Amino acid sequence: MSADTPYERRFQVAWADLDSNNHMRNTGYHDYAAQTRFLYLNDHGFTPRDFAAFGMGPMVFEETIQYRRELRFLETFRVTYTIGGQSADGSRFIIVNRILKEDGTLSAQISSTGAWVDLKARKVAPPPDALKAAMDALVREPDFKEL
């Protein structure tokens, strides 16, 4: 993977992902996006144990999704993860996930605005160095914003 290639994971639409129209339910897109984000952090050295040890967690303030093409049962797809913005101290962020059909067609795009939160103080806080380093290593969107 080059420095300009977004992190991505492959998945397959499961039976439990389906809605009454026999395609992936809307919350399934969010679930796979969140799973990809945590897999990325784990792959880049910030594990679930680290979240617990530091008493940190993500808080999403706003999330938007744009649907383009439906996904159906057993269809394989990819989820990419990039960063659209970040504050200098890393406490606030905009992250972007794209859900792509196997042929590369955009199925959906999710943009999430959020922050890292000190769970004990219940306040926005800068992330630990290892978490900030992982976030800094994400491919930046072309319209990246300093927050």
> So, in Å, what gap is there between the alpha-carbon centers of segment 122-137 and segment 1-68?
Replying inline: 18
> Given the Cα-Cα distance of VAL60 and ARG122 and 0.36 nm per residue of separation, how much length would full extension add, in nm?
Replying inline: 21.0 nm
> In deg cm²/dmol, rounded to 500, what helix-only [θ] at 222 nm does the chain give when every DSSP H run of at least 4 residues adds -39500 (n - 2.57) and the total is split over its residues?
Replying inline: -7000 deg cm²/dmol
> With charges set only on the Cβ (+1 for Lys and Arg, -1 for Asp and Glu), what does the dipole of segment 7-141 come to about its Cα centre, in debye to the nearest 20?
Replying inline: 100
> Which of the lysines could be linked to LYS123 by a straight reach, that is with a Cα gap under 22 Å, when you skip same-chain ones fewer than 8 residues away?
Replying inline: LYS132
>> I need the calculated FRET efficiency for the pair ARG72 and ARG9, taking r as the beta carbon distance and R₀ as 22 Å, to the nearest 0.05.
In response: 0.70
> Looking at segment 1-73 from every direction and averaging, what is the projected area of its Cα convex hull in nm²?
Replying inline: 6.9
> Can you list residues whose amide H is under 5 Å from GLY84's amide H, if they're 5+ apart or on another chain and H is modeled 1.01 Å from N?
Replying inline: ILE94, ILE95, VAL96, GLU141
> Using the Karplus equation 6.51 cos²θ - 1.76 cosθ + 1.60 (θ = phi - 60°), what ³J(HN,Hα) coupling, rounded to whole Hz, does each residue of segment 116-133 give in order, writing x for Gly and Pro?
Replying inline: 8, 10, 6, 5, 6, 7, 6, 9, 4, 8, x, x, x, 3, 5, 5, 4, 4
> Assuming a viscosity of 1.306 mPa s and a temperature of 10 °C, what translational diffusion coefficient in µm² per second does Stokes-Einstein assign to segment 7-141, Rh being the Kirkwood radius over Cα pairs?
Replying inline: 103
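Values in this text are rule-based calculations from the coordinates and carry no lab data. It should be emphasised that the depicted structure is a prediction, and the values quoted were computed from it without experimental measurement. In this analysis, Cβ positions are derived from the backbone assuming ideal geometry, glycine residues included, and neighbour counts consider all displayed protein chains.
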